[in-house]
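> Got a structure for you, questions after.
The values are calculated or read from the model by the stated rules, or taken from the named source; none is laboratory data. This structure is a prediction, so every number in the text was calculated from the model and none was measured. As a convention, Cβ positions derive from the backbone with ideal geometry for all residues, glycine included, and neighbour counts pool all protein chains shown. Please note that ligands, DNA and RNA were not included when accessible areas were found on the heavy atoms of the full protein model with its side chains. Shrake-Rupley method; radii C 1.70, N 1.55, O 1.52, S 1.80 Å.
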Amino acid sequence: MKAKKFIAATMSEVMKKIRAELGQDAVILHTRKVKSGGFLGLFQKQNLEVLAAVDPAIASERKANQKDSQRPAYYDEGQQQKRIQDNTNVLLAEISDLRKLINETKYNKEDAVLSRLPEPISQELNKLKKQRVDEEIIDEISASLMESWYKNDDSSAENVRLWTEQLLTQKLKDISFGGISFAKKYINVVGPTGVGKTTTLAKIAAESVIKYNKRIAFITTDTYRIAAIEQLRTYSKILDAPLEVCYNLEDFAKAMQQFSDYDVVLIDTAGRNYRNAEYVSEINKLIGSNKDIETFLVLSLTSKYEDMQEICEQFLKTPIDRFIFTKADETATVGSMLNLVINYQRGIGYITDGQDVPDDLLTGSPQKLIQAVMEGK
């Protein structure tokens, strides 16, 4: 089978190109919208990208049929009628199959499509589907895998997996990953209540002291929960690090000045209802335009993906550098990490998979993310 990509502004233009190069027997395997041209990302035009293919055997059969139809009148009329009837039966069978496919797609479009792909490709895409990776991302991966399938002689399951990893790596190549680099003094964690901000901050603090021998200090603005203050106070005593509790912006400014000689100052913000616009506004005032603050948005992997999206929409109104994903040990599906990283173009700082301090803290990387999604862990 011969496959090729075609790009044009409209479907009619694409179809003209397909007919011109592949003939009337070409079939469309995948269609998506793409942007091209422009200057510095502006004024881009939207085009259609279509992956089409043709089976040479079908094209040869059509030519033979056309040659038969051009034979003179003395050609055996009985054979002509039989051929016409055979072709009609084939056409009716194809129509029946098409109707069946349409009925299947009404109930489970994804399964119907995946079942018709080569088995190694179907297996890899099913892994992504089970991890609840976005359908749009799966469609793009599928189209590229099919293109590689027809272009390469070795289409083993091992190669298909390698192609999938390469495609995901390509999608993540321009996104910044990794924990704190100590290039900025102030480390701020934000997020909704119950996601584990305070515990995660303690893990980062312990790693900074034990692994990197840094002088650290704590600031907390979470004055809504006494337990959170006491928890952070316990960690500060264990790590021999000072703690300041700030009730307003003036207290916060004084604390930052007080700890200006420390290597790292870790800031714990209040966990409140993320739908509260006033809460997000307070965080904006807290962070302000200070370029020496690095901010992480903490999200729990046990949350519903729709809620995680809404949280991102709210908090990304503030300068968020990277994500921290918690409770990885409490869920079997981690595709939401990949979806959020790609959709919001923010990398992963850390992934936590337990409550132990300073353990159960993994530094984020594209390789770890891809492994987690493809292996389900």
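> Determine which single condition T363 fails, assuming it passes every other condition in (1) more than 19 Å from V190 (Cα to Cα); (2) touching a strand residue (DSSP E or B) at 6+ places or on another chain (Cβ under 9 Å).
The failed condition is (1).
> Let me ask something additional. Could you go through the range 96-117 and let me know if any residue there is assigned to a helix (DSSP H, G or I), crowded, with 18+ Cβ neighbours inside 10 Å and modelled with pLDDT of 65 or more.
no
> Consider the range 197-209. How many of its residues are open to solvent by 10 Å² or more (accessible area, probe 1.4 Å) and within 13 Å of V264 (Cα to Cα)?
Result for the range 197-209: 2.
> Looking at (1) open to solvent by less than 60 Å² (accessible area, probe 1.4 Å); (2) under 26 Å from A52 (Cβ atoms); (3) polar (S, T, N, Q), find the lone condition where Q170 falls short.
(1)
> Does any residue of the range 304-318 turn out to be at pLDDT 95 or above and over 22 Å from R161 (Cβ atoms)? Steps first, please.
Restricting attention to the range 304-318, the residues satisfying the condition of being at pLDDT 95 or above are none.
No - not one qualifying residue is present in the range 304-318.
> For the range 181-192, check the following and say yes or no: at least one residue is of a type in the set (V, I, T) and assigned to a helix (DSSP H, G or I).
Residues of the range 181-192 of a type in the set (V, I, T): 187, 189-190.
Still in the list and also assigned to a helix (DSSP H, G or I): none.
No, there is no match, as no residue in the range 181-192 is of a type in the set (V, I, T) and assigned to a helix (DSSP H, G or I).
> Another one. Hey, could you check the range 313-327 for residues that are among the charged types (D, E, K, R) and assigned to a loop (DSSP other than H, G, I, E, B) and say which is most open to solvent (accessible area, probe 1.4 Å)? Show your work before the answer.
Keep residues of the range 313-327 that are among the charged types (D, E, K, R), which gives 313, 317, 321-322, 327.
If we keep only those that are assigned to a loop (DSSP other than H, G, I, E, B) as well, we get 317, 321, 327.
Working: K317: 131, D321: 54, K327: 50 Å².
Among those residues, the one meeting the criterion is K317.
> So, one more: Please go through the range 258-282 and pick out each residue that is open to solvent by 10 Å² or more (accessible area, probe 1.4 Å) and modelled with pLDDT of 90 or more.
Q258, S260, D261, Y262, D263
> Can you give me the number of residues within the range 337-355 that are at pLDDT 95 or above and either among the small types (G, A, S) or open to solvent by less than 10 Å² (accessible area, probe 1.4 Å) (or both)?
Residues meeting the conditions: 9.
> Another one. Taking the condition open to solvent by less than 50 Å² (accessible area, probe 1.4 Å) and touching a Leu at 6+ places or on another chain (Cβ under 6 Å), does F177 pass? Explain how you work it out, then say what you get.
On the way: open to solvent by less than 50 Å² (accessible area, probe 1.4 Å): yes; touching a Leu at 6+ places or on another chain (Cβ under 6 Å): no.
No: the conditions fail for F177.
> Open to solvent by less than 40 Å² (accessible area, probe 1.4 Å) and over 25 Å from the mean Cα position of the chain (by Cα): does that describe I219? Full working, then the answer.
Details: open to solvent by less than 40 Å² (accessible area, probe 1.4 Å): yes; over 25 Å from the mean Cα position of the chain (by Cα): yes.
Against the criterion (open to solvent by less than 40 Å² (accessible area, probe 1.4 Å) and over 25 Å from the mean Cα position of the chain (by Cα)), I219 qualifies.
> Based on this model, can you work out whether E330 counts as modelled with pLDDT under 90 and either within 26 Å of K184 (Cα to Cα) or open to solvent by 60 Å² or more (accessible area, probe 1.4 Å) (or both)?
Values: modelled with pLDDT under 90: no; either within 26 Å of K184 (Cα to Cα) or open to solvent by 60 Å² or more (accessible area, probe 1.4 Å) (or both): yes.
For E330, the condition - modelled with pLDDT under 90 and either within 26 Å of K184 (Cα to Cα) or open to solvent by 60 Å² or more (accessible area, probe 1.4 Å) (or both) - is not met.
Every residue, every condition in (1) modelled with pLDDT of 70 or more; (2) open to solvent by 100 Å² or more (accessible area, probe 1.4 Å); (3) among the hydroxyl-bearing types (S, T, Y); (4) under 38 Å from the mean Cα position of the chain (by Cα), yes or no:
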| site | (1), (2), (3), (4) |
| --- | --- |
| V27 | yes, no, no, yes |
| K33 | yes, yes, no, yes |
| A57 | no, no, no, no |
| S60 | no, no, yes, no |
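> Separate question: Given the conditions (1) within 25 Å of R32 (Cβ to Cβ); (2) touching a helix residue (DSSP H, G or I) at 6+ places or on another chain (Cβ under 7 Å), which single one is not true for K173?
Unmet condition: (2).
> Taking the conditions exactly as written (closer than 17 Å to I324 by Cβ and surrounded by fewer than 19 Cβ atoms within 10 Å (Cβ to Cβ)), does G194 satisfy them or not? Walk me through how you get there before you give the answer.
Details: closer than 17 Å to I324 by Cβ: yes; surrounded by fewer than 19 Cβ atoms within 10 Å (Cβ to Cβ): yes.
Yes, satisfied.
> Still on this model: Residues that are without any contact (Cβ under 8 Å) to a residue 60 or more places away in the chain and within 17 Å of the chain's Cα centre (by Cα): does the range 350-359 have at least one?
Yes, some residue in the range 350-359 is without any contact (Cβ under 8 Å) to a residue 60 or more places away in the chain and within 17 Å of the chain's Cα centre (by Cα).
> Within the range 222-257, which residues are open to solvent by less than 60 Å² (accessible area, probe 1.4 Å) and in contact with a Gly (Cβ under 8 Å, 6 or more places away or on another chain)?
If the condition is that a residue be open to solvent by less than 60 Å² (accessible area, probe 1.4 Å) and in contact with a Gly (Cβ under 8 Å, 6 or more places away or on another chain), then D222, A228 are the ones that fit.
> Tell me whether the range 354-362 contains one or more residues that are small (G, A, S), closer than 19 Å to K173 by Cα and assigned to a loop (DSSP other than H, G, I, E, B). I'd like the intermediate steps shown before the answer.
So in the range 354-362, the residues small (G, A, S) come out as 354.
So of that shortlist, the ones also closer than 19 Å to K173 by Cα come out as none.
Checked against the condition, which is being small (G, A, S), closer than 19 Å to K173 by Cα and assigned to a loop (DSSP other than H, G, I, E, B), the range 354-362 yields no hits at all.
> For the range 1-20, give me the residue count where each residue is assigned to a helix (DSSP H, G or I) and more than 14 Å from R32 (Cβ to Cβ). Outline the logic, then answer.
Taking the range 1-20 first, the residues assigned to a helix (DSSP H, G or I) are 11-20.
Subset that is more than 14 Å from R32 (Cβ to Cβ): 12-13, 15-20.
Result for the range 1-20: 8.
> Please specify each residue of the range 318-349 satisfying the condition of being touching a residue at least 60 places away in the same chain (Cβ under 8 Å) and either at positive phi or out of contact with any strand residue (DSSP E or B) (no Cβ under 9 Å at 6 or more places or on another chain) (or both). Quick ask: steps written out before the conclusion?
Of the residues in the range 318-349, the ones touching a residue at least 60 places away in the same chain (Cβ under 8 Å) are 318, 320-322, 324, 326-327, 333-336, 338-339, 341-343, 345-349.
Hits for the range 318-349 are K327, T333, G335, L338, N339, I342, N343, Q345.
> Same structure, new question: I'd like the full set of residues that are crowded, with 19+ Cβ neighbours inside 10 Å and in a loop (DSSP other than H, G, I, E, B), limited to the range 363-377.
Hit for the range 363-377 is G364, nothing else.
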